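Asks: Would you mind keeping the following structure in view while I ask a few things?
Coordinate-derived values only; no laboratory data. Note that the structure is predicted; figures quoted are calculated from it, not measured. Glycine gets a Cβ as well: all are built from the backbone with ideal geometry, and neighbour counts include every protein chain shown.
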Amino acid sequence: MRNVLTMSALLVAATAVGAEVRAPGAAEADGKAPVVVVVSARATDLVVLDGGHDRGFRPGTVCNVSRDGRAFGAVVIAEAGLRRSVALILSLDPSAAITAGDLVTLRANSRI
């Protein structure tokens with residue numbers, strides 16, 4: 001049952017990423033994207049971002065999550081389409097939760 005729920009969450013995320021048609025390398029690649037939704041599953045939560053290759057996100061990239069200018073967590077990009085990305089949560093401050101509208105930004109050295 002756990003695998004079915006995890007696969008369902010991944011399918012939802014893949015659908016959000018896969019339905020895009022546009023050339024990468026757009027001028028608006030600023031390394032920032034708001035959170036669209038957090039998909040909760042038993043194994044892990046998936047964070048869907050309103051930005052993909054067009055914003056500079058690539059699979060394996062580690063990013064900061066912030067609200068009101070204060071970083072409170074980290075995510076890693078698992079899948080990136082042209083205009084949507086799906087990330088996995090790496091760390092969060094103990095009392096924090098990622099919600100729609102939080103800002104995800106590339107780290108200066110995004111592989112650490």
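Asks: For a quick check: sort R55, R42, R67 by the number of other beta carbons within 10 angstrom, fewest at the front.
Replies: R42, R67, R55
Asks: Based only on other Cβ atoms within 10 Å, what is the fewest-to-most ordering of I89, I98?
Replies: Working: I89 17, I98 20.
Ascending Cβ contact count within 10 Å gives the list I89, I98.
Asks: Now for a separate question. Length gain on complete extension for the stretch L92 to A71, per 0.36 nm per residue less the alpha carbon to alpha carbon distance?
Replies: Gain on extension, L92 to A71, equals 6.6 nm.
Asks: Using a Förster radius of 25 Å, what is the FRET efficiency between A29 and N64 based on their Cβ-Cβ separation? Nearest 0.05, please. Before the final figure, lay out each step's value.
Replies: Details: r = 17 Å, r/R0 = 0.68.
Efficiency computed from Cβ-Cβ geometry: 0.90.
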